[in-house]
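Peer 1: Structure incoming, see below.
The values are calculated or read from the model by the stated rules, or taken from the named source; none is laboratory data. These figures come from a predicted structure and were not determined experimentally. With ligands, DNA and RNA removed, areas are computed over all heavy atoms of the protein, side chains included. Shrake-Rupley method; radii C 1.70, N 1.55, O 1.52, S 1.80 Å.
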Amino acid sequence: MSDCGCDKARKDLEEYLRNEVCKTQHTDIREHLENCPSCRDEALVATTLTAVVARACKESAPEELRDMVLARLRAQQATH
């Protein structure tokens, strides 16, 4: 049997990446990721995806677009 803990590491990966696992679990998962390229790749994908989504949430619309949307909303409100 060659179970290197992949099931457990993958099950707890989200919590691990958010530092929401206990210290013992954190150490076990970190050691597993250091020794398992497949799980390490999965952790990298999850980390990258989280960073991209976080960056996208911080972006705002250009000021001109905001002004256009507000002008249309005001026009709609004025006619109703």
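Peer 1: Is it the case that the range 39-51 has a residue that's over 16 Å from the mean Cα position of the chain (by Cα), open to solvent by 70 Å² or more (accessible area, probe 1.4 Å) and not aliphatic (A, V, I, L, M)?
Peer 2: Just the residues of the range 39-51 that are over 16 Å from the mean Cα position of the chain (by Cα), to begin with: 39.
Add one more test, that the residue is open to solvent by 70 Å² or more (accessible area, probe 1.4 Å), and what stays is none.
The answer is no, given that none of the residues of the range 39-51 is over 16 Å from the mean Cα position of the chain (by Cα), open to solvent by 70 Å² or more (accessible area, probe 1.4 Å) and not aliphatic (A, V, I, L, M).
Peer 1: Restricting attention to the range 53-63, report how many residues are open to solvent by less than 70 Å² (accessible area, probe 1.4 Å) and modelled with pLDDT of 85 or more. Steps first, answer last, please.
Peer 2: First, pick out the residues of the range 53-63 that are open to solvent by less than 70 Å² (accessible area, probe 1.4 Å): 54, 56, 61.
From the residues that got through so far, the ones that are modelled with pLDDT of 85 or more too are 54.
Within the range 53-63, residues that are open to solvent by less than 70 Å² (accessible area, probe 1.4 Å) and modelled with pLDDT of 85 or more number 1.
Peer 1: In addition: Kindly indicate the residue of the range 2-35 that is among the hydrophobic types (A, V, I, L, M, F, W, C) and part of a helix (DSSP H, G or I) and also most open to solvent (accessible area, probe 1.4 Å) among those meeting that condition.
Peer 2: In this case the residue turns out to be 17.
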